[in-house]
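Below is one structure, written out as structure tokens; the observations come after it.
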């Protein structure tokens, strides 16, 4: 089990620690609902240093990224980031990721912790272009400072105007007394804020200064359980739950990051799938009766016939009801379609809704 550079701090704060993607991670501190509300209404800090970072450099770096990712990275200018995915050869997804354009010929790819080795091997297997690849995952830490008070609480720690960093943009600047920190706005919670990428040797200083500066704003450490409820209220996919090696980006509602203006791994087959239509779709739903939907619960029709499966579900703290995401047969995917979630022996009525569930 790997530790992050801050594991000892989480333990000293009394966090409940669990194994996650091969790391010893804080799942909660004071409780999921309280932590969720801290991020929705104030400011909280996640240690997400388990995430992976690959640095791709050289004149063919863009060409390699264009080949292995579904989105069009040629639109990126320095200081911008892009959500994308790595399609596999069978129509599924190797991983979803964020691509940062750092310099003219340099890109940072941020990948999911559970897929670091798989992604590295996949991208390497397509690197016949001489691109210099460095796996920085073990050397870098990542903090996500999230919530509507994040900008105001952290402004004193940097010379950059944090309110001017637009969504999916970033700056390399000073932060909490450390030079050359990546400050990016690619939040996964829907409540604003930003992420801090720094070296492992720097993160404890940054953590301490963040909590000092945030104290008047009620800043708190937040665990991975609240990260999950926050992202689910936004309808954001979680790799391993809502997307995986056998889900197509088109089934998953990720057509918007699947650009057929270029050739990429399996683009021909995905293009064909787009033209012919998919047989199942990832939808958001809310329960109309009492109950909590969970991962892998069956989705059925009025007659009890299986029409799909729940991929993520929870009792949503801000929304105040049971919500979830799941794949259903396309004919059941229209907004307001009535579906049933099989919770133990009960068929619980739900309806398909437009995501996000949480609206500011």
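Readers should treat all values here as calculations from the given coordinates under stated rules, not as data from a laboratory. It should be emphasised that the depicted structure is a prediction, and the values quoted were computed from it without experimental measurement. FYI the Cβ positions are ideal-geometry reconstructions off the backbone, even for glycines, and counts take in every protein chain you see.
Summary value for the range 279-353: 40 percent relative contact order, contacts being C-alpha pairs under 8 angstrom separated by 6+ residues.
Here the spin labels are modelled as points 7 Å beyond Cα on the Cα-Cβ line, and at residue 78 and residue 208 they lie 3.4 nm apart.
Normalised by the number of residues in the chain, the mean separation of alpha-carbon contacts (under 8 Å, six or more apart) gives a relative contact order of 17 percent.
State whether the range 203-360 is rounded, prolate or oblate according to the following rule on the C-alpha gyration tensor (a ≥ b ≥ c being the square roots of its eigenvalues): a/c under 1.5 gives rounded; otherwise a/b larger than b/c gives prolate, and the remaining case gives oblate. Oblate, because a/c is 1.5 or more while a/b does not exceed b/c.
Taking the number of Cβ atoms within 10 Å of each Cβ as an exposure proxy, the fewest-first ranking of 154, 17 is 17, 154. Based on C-alpha pairs under 8 angstrom that are at least 6 apart in sequence, the range 52-134 has a relative contact order of 40 percent. Under 12 Å from the 7 Å Cα→Cβ point of residue 13, by amide nitrogen: which residues of the range 219-233? In the range 219-233, the label zone of residue 13 (backbone N under 12 Å from the point 7 Å along Cα→Cβ) covers 219-224. Extension gain for residue 180-residue 279 works out to 30.9 nm (0.36 nm per residue, less the C-alpha to C-alpha distance). Net length available on complete extension from residue 118 to residue 138 is 5.7 nm, with 0.36 nm assigned per residue and the Cα-Cα distance removed.
Round to the nearest 0.05 the FRET efficiency obtained for residue 200 and residue 90 when R0 = 25 Å and r is the Cβ-Cβ distance.
On the way: r = 36 Å, r/R0 = 1.45.
My answer for the efficiency is 0.10.
Rule-of-thumb check for the range 52-134: C-alpha Rg over 2.2 N^0.38 Å?
Details: Rg = 11.4 Å, N = 83, 2.2 N^0.38 = 11.8 Å.
Expressed relative to 2.2 N^0.38 Å, the Cα Rg reads 0.97.
Annotation: the residues 133, 325, sorted from fewest to most other C-beta atoms within 10 Å of their own C-beta, follow the order 133, 325. Computed from label points 7 Å out along Cα-Cβ, the spacing between residue 309 and residue 286 is 2.7 nm.
Please give the contour-minus-distance gain from residue 57 to residue 261: 0.36 nm per residue of separation, less the Cα-Cα distance, rounded to one decimal in nm.
71.1 nm
Each label was represented as a point 7 Å from its Cα along the Cα-to-Cβ direction; for residue 269 and residue 345 these points are 4.3 nm apart. Dividing the Cα radius of gyration by the Kirkwood radius, what Rg/Rh value follows for the chain? Rounded to two decimals, Rg over Rh is 0.97.
For every helix of n ≥ 4 consecutive DSSP H residues, a contribution of -39,500 (n - 2.57) applies; sum these over the chain, divide by its total residues, and give [θ] at 222 nm rounded to the nearest 500 deg cm²/dmol.
Values: 8 runs with 74 residues, N = 360.
Roughly -6000 deg cm²/dmol at 222 nm, from the helical runs in the chain.
By the count of other C-beta atoms within 10 Å, a proxy for reagent exposure, 125, 114, 191 are ordered fewest to most as 125, 114, 191.
When the alpha carbon gyration tensor of the range 279-353 is reduced to an equivalent ellipsoid, its three semi-axes come out at 17, 13, 11 angstrom, largest first.
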